[in-house]
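Heads up: the structure comes next, in structure tokens.
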Amino acid sequence: MRIGYGEDIHRLVEGRKLMLGGVELDYHLGEEAHSDGDVLLHATCDAILGAFALGDIGKFFPDSDESTLDMDSKILLITLLQMLGPFKIINFDSVITLEGFKLQSHIQEIRESLSSLLKTDISKISVKAKTNEGLDSLGSGGAISAKVVILLE
Ligand code: MG
């Protein structure tokens, strides 16, 4: 068994979609990024790569690459999973930090999306949401972050 950890943060700006775990959320701000900026999927990719000690997402999908411009991060994750070949996910746990938007009613949809992308039963997929208690860039609502741990077999 191998454990992996990943985290990501993106600035929140007007005129961008808010993507989280492959789900588009209805909000006036979204992630500023080269790709679609889905922090949860980026942290997931990094956690999986970390478990295999293969580096990080930037090594496989550089943000200098025109082919990944505005790319759907679901494609990044699916491509990565195909590259790595079969493995079993024992469990997945995550924390989203976002201020000014209530994530609670979207958690189930995000878990379902991750369950489908990772081909893992939803009972093994945990998504938790919290605020940053008004502190720093996350607390001012200027950014969104995700942290992921994953146990693989
Ligand atoms: Mg990112």
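The values are calculated or read from the model by the stated rules, or taken from the named source; none is laboratory data. Keep in mind that what you see is a predicted model, and the values were worked out from it rather than measured. Using ideal geometry, Cβ is built from the backbone for each residue, glycine included, and neighbour counts are taken over all protein chains shown. Just so you know, the surface numbers come from the protein's heavy atoms only, side chains and all, with ligands and any DNA or RNA stripped out. Shrake-Rupley method; radii C 1.70, N 1.55, O 1.52, S 1.80 Å.
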Ratio of alpha-carbon Rg to the 2.2 N^0.38 Å globular estimate for segment 72-153, to two decimals, please. 1.21
Charge tally for neighbours of Leu152 with beta carbon under 9 Å away, counting Lys, Arg as +1 and Asp, Glu as -1, is +1
Max mean-square fluctuation residue, GNM over the chain, Cα-Cα springs under 10 Å, options Leu18, Leu118, Leu41: Leu118
Residues meeting the amide H criterion for Ile90 (H placed from the backbone, H to H distance under 5 Å, 5 or more places apart or on another chain) are Leu151, Leu152, Glu153
Mind scanning Lys17/Lys147; Lys59/Lys102; Lys59/Lys124; Lys17/Lys119; Lys102/Lys128; Lys59/Lys128 and naming the pairs with a C-alpha gap bigger than 22 Å? Lys59/Lys102; Lys59/Lys124; Lys17/Lys119; Lys59/Lys128
Once phi for every residue in segment 143-149 is put through the Karplus expression 6.51 cos²θ - 1.76 cosθ + 1.60 (θ = phi - 60°), the whole-Hz ³J(HN,Hα) values, with Gly and Pro written as x, are 7, 10, 10, 9, 10, 9, 10
I need to check one value: relative contact order of the chain, counting alpha carbon pairs closer than 8 Å and at least 6 residues apart, in percent. 34 percent
Pick out which of Glu24, Glu32, Glu99 has the largest mean-square fluctuation in a Gaussian network model of the chain, springs linking Cα atoms closer than 10 Å. Glu24
Between Glu24 and Lys130, the two model label points (7 Å from Cα along the beta-carbon direction) sit apart by a distance in nm of 3.1 nm
Ile122/Asp65 FRET efficiency (R0 25 Å; Cβ-Cβ; nearest 0.05): 0.15
Find the accessible area per residue for segment 12-153; the probe is 1.4 Å, ligands and nucleic acids are left out, and the unit is Å². 48 Å²
Using the Karplus curve 6.51 cos²θ - 1.76 cosθ + 1.60 with θ = phi - 60°, what ³J(HN,Hα) values do you get for each residue of segment 104-114, in whole Hz, with x for Gly and Pro? 3, 6, 9, 4, 4, 5, 5, 5, 4, 5, 5
Each residue of segment 30-35 in order: what ³J(HN,Hα) in whole Hz does its phi give by Karplus 6.51 cos²θ - 1.76 cosθ + 1.60, θ = phi - 60°, with x for Gly and Pro? x, 6, 7, 6, 6, 8
If you place +1 on the Cβ of every Lys and Arg and -1 on the Cβ of every Asp and Glu, how big does the dipole about the Cα centre of the chain come out, in debye to the nearest 20? 620 debye
For the chain, the accessible surface attributable to carbon and sulfur atoms (probe 1.4 angstrom, ligands and nucleic acids excluded) amounts in percent to 52 percent
